[in-house]
Amino acid sequence: MEVIREERHGVLFYVCPEMRAAGFPHGFSTRLGGVSPPPWDSLNLGGSCGDQPERVSENFRRFCAAAGTDPDRLVKNQQVHGDTVRAVTGADVMSFPGQPGTVEADGLLTREPGVCLAVFSADCIPVLLCDPVRRAVCAVHAGWRGTALGIAARGVERMVQVCGSRPRDILAAIGPGISTCCFETHADVPGGLRAGMGAAAEAYIHPIPGTEKYHVDLKGANRAWLLRAGLAPEHIAVCAACTACGLETFWSHRRMGARRGSMAALIQIGEGP
């Protein structure tokens, strides 16, 4: 499995072909292909960034058209940087695509066909999960705190609990996010990973010689959590794109601060392969 870059209708985004072929429309957005002016140029999907809601709505419609998802069936999270994964239904669908997210959780889960899950990022790691057997989906936002707490594994566990999924059936795609090259931290992030992962965390922590700082591999750590939760290695795709390296394509909180737009990761249950 892999995560590749595509362009449709002028919208640039990333997708896992194997998950799409299994009947799960989805996508990881970039900042390209929307209608918003600077500093949100152009495909801003964040409803709380200061952009006009009408522009955010149009951006969602464009991104959903490219990804094959339904902008009128969106459920968006309101991130809390924890490890909560909430099950949602059509009752949680937003009345307007330009609204900010309302479900307080860093992960969303559904078995209801057509409901489109949305989580947001601008350096943090988005993870999309699908189960082709039980027909369930989950979308996760993994910042460093969520990564340390194992939110990707919590998503798998919730799919098992709520949907009866078997980990060996689940497919996962880890989307664009800040990579090891650019995620320079103090000791708090390594400390959090060690507290959550134990000795296994050391593989994702790289001391920077001559400093008290570290480079940390959040994508690798999330992959490790998915493996720990029982996913098969061949069922995990990891996007190599670094949001902090590619400012022409992505927004990066680390590089740009708060005056910027936001990317989104979307997934829903389609009609099947």
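The values are calculated or read from the model by the stated rules, or taken from the named source; none is laboratory data. All values derive from a computational prediction rather than experimental measurement. Virtual Cβ from ideal backbone geometry, glycine too; neighbours counted across all protein chains shown. What goes into the accessible areas is simple: the full protein's heavy atoms, side chains included, and nothing from ligands, DNA or RNA. Shrake-Rupley method; radii C 1.70, N 1.55, O 1.52, S 1.80 Å.
The table below lists the values:
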{"read-out": "Region 117-202: chymotrypsin sites (Phe, Trp or Tyr not before Pro) in DSSP loop, at most 16 other beta carbons within 10 Å", "value": "none"}
{"read-out": "Among Met197, Met263, Met19: highest mean-square fluctuation, GNM of the chain, C-alpha pairs under 10 Å", "value": "Met197"}
{"read-out": "Additional length obtainable on full extension of the chain from Thr102 to Asp188, 0.36 nm per residue less Cα span", "value": "28.1 nm"}
{"read-out": "Integer Hz, Karplus 6.51/-1.76/1.60 couplings in order for region 25-30, x for Gly and Pro", "value": "x, 6, x, 10, 7, 10"}
{"read-out": "Within region 114-130: backbone nitrogen closer than 20 Å to the Arg168 label point (7 Å, Cα to C-beta)", "value": "130"}
{"read-out": "Structure-based [θ]222 nm, the chain - -39500 (n - 2.57) summed over DSSP H runs of at least 4, per residue, nearest 500", "value": "-6500 deg cm²/dmol"}
{"read-out": "At R0 = 25 Å, FRET efficiency that the Cβ-Cβ distance of Glu2 and Val133 yields, to 0.05", "value": "0.70"}
{"read-out": "Taking the chain and dividing mean pair separation by its residue count, relative contact order in percent (alpha carbons under 8 Å, at least six apart)", "value": "25 percent"}
{"read-out": "Solvent accessible area, Å² - Ser165, 1.4 Å probe, full protein context", "value": "10 Å²"}
{"read-out": "Percentage relative contact order, region 158-265, counting C-alpha pairs under 8 Å, at least six apart", "value": "34 percent"}
{"read-out": "Protection-proxy order for peptides 75-87, 201-213, each taking the mean of Cβ atoms within 10 Å per residue, highest first", "value": "75-87, 201-213"}
{"read-out": "Residues Glu271 and Glu212, FRET efficiency given R0 of 45 Å [Cβ-Cβ distance, rounded to 0.05]", "value": "0.25"}
{"read-out": "(i) 0.92; (ii) 1.22; (iii) 1.00, with the label sought being that of the calculated Cα Rg over 2.2 N^0.38 Å", "value": "(i)"}
{"read-out": "Net charge dipole size for the chain [Lys, Arg +1 and Asp, Glu -1 on Cβ; Debye, nearest 20]", "value": "180 debye"}
